[in-house]
Amino acid sequence: MSNRTDLLTANARYAATFTHGDLPAPPARHIAILTCMDARLDPAKFLGLSEGEAHVIRNAGGRANPDALNALVISQQYLGTNEVIVIHHTRCGMTGLRDEAVQKLLTERFGGSIKPQQYGGFDDLAQSVRDDVATIRADARIPDDLPISGFIYDVETGRLTEVD
Ligand SMILES: [Zn+2]
C-alpha cells in the first residue's frame, strides 16, 4: 500500500469518531507556538494540546521569517492569541546550513534560474532562539507587552528547556 492510501485509511478511522466539529477558529488557550517542521517533534503531544487550543506555526528551523511573522500577526489580530512560544530543538537539520550551500545544490539540480533565498540555517541553537524571540519582539505589528518565550526541545529526552 502507498503512503497516501495509508494516510487516507487513517483519516477515515479518525473521522469515524470525530467529535470536534463545533470548535471555533480562535484558539481556546490564546497561544501561538512557532516551531520546526522536524518529524520528531509533535507539539500537541509534548505540550499537552488538543484540537482548537493553539496555533502551531511550523517551518524549517522554527524560524521567525517573514511568513511566520505574518502568521503571528494574523493569529493575534484576528484570532485572539496573546502569547508566543518559540521552540527550536536539538539535532535540528538547520544547524550549520548555509544559504550558499542550498543555492549551490539547487543550481546543480534545477539550473541557474533559481533565485537566492534565506533558508534560516544557524550555528548556535540557543542563540537562534534568542534571535527569533528578538525578531518577533522588534516587529512593529507585535504588541510591546506580548509575552514571548523561547525554548529548546531535546529530541532525545522529549524535554523542554527555557532559553534565557
Ligand atoms: Zn529542526
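Values for this structure:
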item	result
Low-density loop cleavage sites - trypsin sites (Lys or Arg not before Pro) in the range 93-161, where at most 16 other Cβ are within 10 Å (DSSP)	Arg98, Arg141, Arg159
The chain: DSSP helices with Cα axial extent of at least 24 Å and average Kyte-Doolittle hydropathy no lower than 1.0	none
Gyration tensor over alpha-carbon atoms, the range 12-69, equivalent ellipsoid semi-axes in Å	23, 15, 10
D (Stokes-Einstein, µm²/s), Kirkwood Cα radius, the range 13-164, 1.002 mPa s at 20 °C	128 µm²/s
Residue-wise HN-Hα coupling along the range 25-37, computed from phi with Karplus coefficients 6.51, -1.76, 1.60 (Hz; x: Gly, Pro)	5, x, x, 4, 9, 6, 10, 10, 10, 10, 8, 7, 6
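Laboratory data are not the source of any read-out in this text; all were calculated from the coordinates shown. Since we're looking at a predicted model, the values are computed, not measured. Because the Cβ atoms are built from the backbone with ideal geometry, glycine has one as well, and the counts that use them run over all protein chains shown.
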